[in-house]
Structure formats: C-alpha cells, structure tokens
Amino acid sequence: MRGIVCEEIGRFRQADDLPEPVRKPGEAIVAIRRIGICGTDLHAYKGRQPFFAYPRILGHELAGIVEAVDPGEEKLKVGDQVGVIPYMHCGTCIACRGGKTNCCTDMKVLGVHIDGGMRQRIAVPATHLIVANDLTLDQTATLEPFAIGAHAVRRSGLAAGETALVIGAGPIGLGVMAFAKARGAKVIAMDVNEDRLAFCRDWARADATVQALQDPLGSLLAANGGELPGAVFDATGNAQSMASAFGYASHGGRLIYVGLVSADIAFHDPEFHKRELTLMGSRNATREDFEWVLAAVAAGDIDVGRYITHRAALDDMIGRFEDWLKPETRVIKAMVEL
C-alpha cells in the first residue's frame, strides 16, 4: 500500500510497502481520497508539535469512501463517502462520561499519537465516521478543521450581538470567524499579514480587521466603538500573541485559546482579576460540532472552494511540502489528492 511517512524532523519517505489495514469488529475500511494539510502537520514536520513521536504517518483531515464495514451496520454502508472524526477517545474516563470526548484523558489523535491517513486505506471505528454523500470530497475533508473552530465558538457561549476578536487568520482562525458570524456575532480579525486580513473581510465576512503590528489595541477600540470585545479567540499558536491576548478582552469577558503552543504562557494577575476574565482552552471537536459544520457546508454557508488554495497528488506531495511552509506561497489550505 502506498503512503507517506514522516520518518524524523524534516524528512518524509515515500512508501509503497505499507501494510494493509486489518479491520476489527466495529471498524470500517476507508479508501482515502483527500487529505487536508494543517498546522499540526507543518509543526510535526518541523519538530514543533507537542505530544508527537517519530516515525509517524500524518493526516487527520480526511475524506474517503467506505470499502468494508460490519454486516448489519445501520448507519454506514459500502460506497458511502465519509469524513473522519480523528479523535480516538476511550469512552470511559471522566471527560468521556461527561460528553467531552474531545479531551479524553487517553486521547489518541490520528496522525499525531497514532498513524493517520496519509496512505491509500485506513481502518476507522464506524462511530468516528461522518456520512457526507451530499458533499464533494474537498468539502468532506474540511469538516475537521472547521469543526475545530465550531467547537471553540460553541464552547465560548458566544451569543448574537456580541463582539468576537479572532487573532490569527490561518485556516483554524478562519473557521472560528465563520461560525462566530453564524452565531450572529460581530467579528473582528487580527493578523500580521495584510493578504490574510483581506481574505478575512472577503471570505469570512469579518466586520473589521486589525493589523497586529500597528497599534492593535487602539485599532481594536476604534473598530468596536471604544470598547473591548467580550470574546477573544487566539488561533495563532504563538506564545507572545497568546500572552498579549489577555489585554484585548473586556471586563467580564473571556479568552479562548484555540491554538496550541509548546511553551508556558504568563499573564499579569491583577489585570486578570480586575477584569474577572474567564480563560478557556478549546481542544479538538465533538460529533455535535462535525454535524453543525456538515449542515453549514451542505447549505452553502461555507465557501470551501476558495478556502483550498493549493493542491498536490500524493506522489507529488513531498516535493511541494517545503513550499507550503513559506509565507510567500500564501497557503491557506493545501489538499492532497489520491
């Protein structure tokens, strides 16, 4: 079986001898057709991804076709197009029992803790597949990154009429913006990249944008009638940005960390207490988030066509990957095709 293995930091290997997946009861064999490339993959390649060990088959933004499934499986059949919920949770820990399968104490994420989908076929529990026969393969592969943003918005309790600042206009931040708008919030986007900010105004329908390198606090206040926003989402994965984000939330507001960084974050406690801020971490997503995204994409509310900016066939990906790391290539979402 063909696939790509990240052997060590900075080195991929094209393989044609990977073992075929063995289906266990309750699992399905899925022929992979699309693999989205995300920040996790880029960080893993560069050696900056926490909770990671090499060698590893990357790939957790997946779309494919079911090739085999248990007889009598009611919600899934051979030939179905599916997206993958890549978070393998235990089902028994305190988080799982409370419905927070996204932060299971023994979480195993495809492409991070265990081998992912950058190969021709993969075995996946049927419970972790989302039937998406009405979507394109491209749309199906983007369910996972959009679900990350949808989960952050849902966890924040964002309400219609509130103002949300989203820091970081990468693929995850864009998803946060899209689903914050779906909740009826006013959205302000902050980034250092002018091209990304323009994309936020156009694609995500951001109400205002802030250049993070040019008096961001003053610009934020000007964009929001002199007030700070009640919800601040940091999707940068940058320690300096995440520390600065405490200064952008209103009194009584909340700060939601969507991005992950392998570092300590410090904040000034008196300011934190004075504002009675709420600090939240947002990790992964649940089936409920995937279903919200599925409905939004199916309704045409999310423009996947412009979100995907770069493509490569599986056999060509290694040669393209380094270019995708360069800011000048203006990658938003790269997609690998099989």
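The values are calculated or read from the model by the stated rules, or taken from the named source; none is laboratory data. All figures in this text were calculated on a predicted structure; none of them were measured in a lab. Note that each Cβ is placed from the backbone with ideal geometry, even for glycine, and that neighbours are counted across all protein chains shown.
Among the candidates L62, L42, L58, which residue alone is in contact with a Leu (Cβ under 8 Å, 6 or more places away or on another chain) and not in a strand (DSSP E or B)?
Values: L62 fails: not in a strand (DSSP E or B); L58 fails: in contact with a Leu (Cβ under 8 Å, 6 or more places away or on another chain).
Answer to the check: L42.
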request  = Run down L58, L42 and say which single residue is out of contact with any Lys or Arg (no Cβ under 9 Å at 6 or more places or on another chain) and of a type in the set (A, V, I, L, M).
outcome  = L58
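Here's the yes/no breakdown for (1) within 19 Å of G300 (Cα to Cα); (2) modelled with pLDDT under 95; (3) buried (at least 24 other Cβ atoms within 10 Å of the Cβ); (4) not aromatic (F, W, Y):
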| residue | (1), (2), (3), (4) |
| --- | --- |
| D80 | no, no, no, yes |
| T92 | no, no, no, yes |
| G98 | no, no, no, yes |
| P125 | no, no, no, yes |
| A132 | yes, no, no, yes |
| A180 | yes, no, yes, yes |
task = For P21, indicate whether it is in the same structural domain as D316 (by TED's automatic domain parsing) and modelled with pLDDT of 95 or more.
result = yes
task = Please verify whether the range 40-61 includes one or more residues that are farther than 25 Å from F12 by Cα and of a type outside the set (D, E).
result = no
key: Among the residues listed as G253, G226, G247, G259, the single one being buried (at least 19 other Cβ atoms within 10 Å of the Cβ), of a type in the set (G, A, S) and either assigned by TED's automatic domain parsing to the domain that holds T127 or more than 28 Å from I130 (Cα to Cα) (or both)   = G253
inquiry  = Of everything in the range 282-338, what is surrounded by 14 or more Cβ atoms within 10 Å (Cβ to Cβ) and in a strand (DSSP E or B)? Give them in sequence order.
reply    = H310, R311, A312, A334, M335, V336, E337
request  = Residue by residue through the range 104-140, note down the ones that are in a helix (DSSP H, G or I) and closer than 30 Å to E7 by Cβ.
outcome  = H128, L137, D138, T140
remark   = Of the candidates A44, A31, A15, the one satisfying the condition of being modelled with pLDDT under 95, aliphatic (A, V, I, L, M) and touching a strand residue (DSSP E or B) at 6+ places or on another chain (Cβ under 7 Å) is A44
